[in-house]
Amino acid sequence: MCAVTDVWIISGTDTGVGKTVVTSAIAAAAAVAGQRVAVIKPGQTGIAPGSAEESDLDVVRRLAAPATGLNLVTYPDALAPLAAAEQVGAEPLALGDVIEAVARTAAHHDVVLIEGAGGLLVPMGEGRWTVADLALALRCPTVVVARSGLGTLNHTALTLEALARRALTGYVVIGSWPATPELVHWRNLVDLAGELVGVLPDGAGAMEPADFRASARSWLSPLLYGRADPLRLRTDGVAGRSPEWPEPVEPPR
């Protein structure tokens, strides 16, 4: 499937790390690059029927205006999708149904982005399948959205390790980079595991849609349809001035 259409899974190290805004940025960058983009959200939770609250797909539509947006199931409780389905007595989402939806969508688009829920191993539906299982079934790369602050090194490394154990490829995007970074942010930027392919500024999701779409390519490397130099993302390709690094200390002889 991925040989014909670019299919990406957007997961994260945790909930609230910026997956939806990163999905929006990739969709916007790809569209600006001339690609026909579809975004699929297999399981949306925390949205009650008739609620005026924006769903994740609503946010993507507002910021990036992809050609197609598809939400497979929605549950009212803010829980993992499987637990949310069980809570209301709904039939859990089947992995095969998601794979079928991706295949149908990929036939008519250049790029398909699939946004997960929470982290890589959150139970999504019938049989407790996870986003990792979906990535394995599709044999497609995964974008791991990570925090910039304290704790991100361990969470990011564990997520990438879970992908590697399944012989899957993962790339890292920082979901929110502060306008005034502190030492911990700069240190994490240098020490973060994996291949860094994007850094989004804090507050990107609150930008005007036209500004967001015009800026998205500057936040992402060419791998994700952007124009940011991947060699600069860990140094001077982000906002703020880096601290003076200490001189390396040679070990005693």
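If the condition is being within 28 Å of Arg213 (Cβ to Cβ) and part of a loop (DSSP other than H, G, I, E, B), then the stretch 56-114 contributes Ala65, Pro66, Ala67, Ala107, His108, His109, Asp110. Here Thr15 meets each of (1) at pLDDT 95 or above; (2) in a loop (DSSP other than H, G, I, E, B); (3) of a type outside the set (A, V, I, L, M, F, W, C) with one exception, condition (1).
Out of all the residues in the stretch 85-113, which are of a type in the set (Gly, Ala, Ser) and either closer than 17 Å to Lys19 by Cβ or in contact with a Leu (Cβ under 8 Å, 6 or more places away or on another chain) (or both)?
Start the filter on the stretch 85-113 by keeping residues that are of a type in the set (Gly, Ala, Ser), which leaves 85, 89-90, 94, 96, 101, 103, 106-107.
The answer is Ala85, Ala101.
Return a yes/no flag: does the stretch 47-68 have any residue that is farther than 24 Å from Asp202 by Cα, open to solvent by 50 Å² or more (accessible area, probe 1.4 Å) and among the charged types (D, E, K, R). No - not one qualifying residue is present in the stretch 47-68.
Give the residue that is farthest from the chain's Cα centre (by Cα), with candidates limited to residues of the stretch 105-128 that are charged (D, E, K, R) and open to solvent by 10 Å² or more (accessible area, probe 1.4 Å). In this case the residue turns out to be Glu126.
The values are calculated or read from the model by the stated rules, or taken from the named source; none is laboratory data. The model shown is predicted, which means the values in this text are computed figures rather than measured ones. Glycine also receives a Cβ, built like all others from the backbone with ideal geometry; neighbour counts cover every protein chain displayed. Side chains included, ligands, DNA and RNA excluded: accessible areas come from the protein's heavy atoms. Shrake-Rupley method; radii C 1.70, N 1.55, O 1.52, S 1.80 Å.
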